[in-house]
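Data first, discussion second: the structure below is written as structure tokens.
The values are calculated or read from the model by the stated rules, or taken from the named source; none is laboratory data. None of the values given here were measured: they were computed from a predicted structure. Cβ coordinates were reconstructed from backbone atoms using ideal geometry, including for glycine residues, and neighbour counts include every protein chain displayed. Accessible surface areas use protein heavy atoms only, side chains included; no ligands, DNA or RNA. Shrake-Rupley method; radii C 1.70, N 1.55, O 1.52, S 1.80 Å.
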Amino acid sequence: MTKAEIVNEISKKTGIDRATALTAVEAFMESVKESLSSGENVYLRGFGSFIVKKRAQKTARNISKNTTLIIPEHNIPAFKPAKTFTINAE
């Protein structure tokens, strides 16, 4: 499902126009992105959590040049679904 499809679904289900729904969806995504970039997790009860995970420093190899390089530790965004959030695979 794309962002445009999500906007269309919200517009249909709530009765608001697509422009307003698009603004709301983009504002939500921007808020989540800002929170994660500042190191704060976002918790949505009954849906899941957008969390910041720390990746440890590791050594990588460039096999074509036969060299190694150090990749420093860094943070990555992740999504952890809630226990009540289930997808029925039928």
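Those strands (runs of 3 or more DSSP E) of the chain in which at least 3 residues are among the charged types (D, E, K, R), considering only elements entirely within it, cover 48-55.
Matching residues to (1) open to solvent by less than 100 Å² (accessible area, probe 1.4 Å); (2) without any contact (Cβ under 8 Å) to a residue 40 or more places away in the chain:
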site: K3; (1), (2): yes, yes
site: K12; (1), (2): no, yes
site: R18; (1), (2): no, yes
site: A21; (1), (2): yes, yes
site: L36; (1), (2): yes, no
site: V42; (1), (2): yes, yes
site: G46; (1), (2): yes, yes
site: T68; (1), (2): yes, yes
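Yes/no matrix, rows are residues, columns are (1) in contact with a Ser or Thr (Cβ under 6 Å, 6 or more places away or on another chain); (2) of a type in the set (F, W, Y); (3) modelled with pLDDT of 90 or more:
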site	(1), (2), (3)
F50	no, yes, yes
K53	no, no, yes
A56	no, no, yes
A60	no, no, yes
P72	no, no, yes
A78	no, no, yes
T84	no, no, no
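Selection of segment 23-34 for residues being under 18 Å from F79 (Cα atoms) and either open to solvent by less than 60 Å² (accessible area, probe 1.4 Å) or in contact with a Gly (Cβ under 6 Å, 6 or more places away or on another chain) (or both) yields V25, V32.
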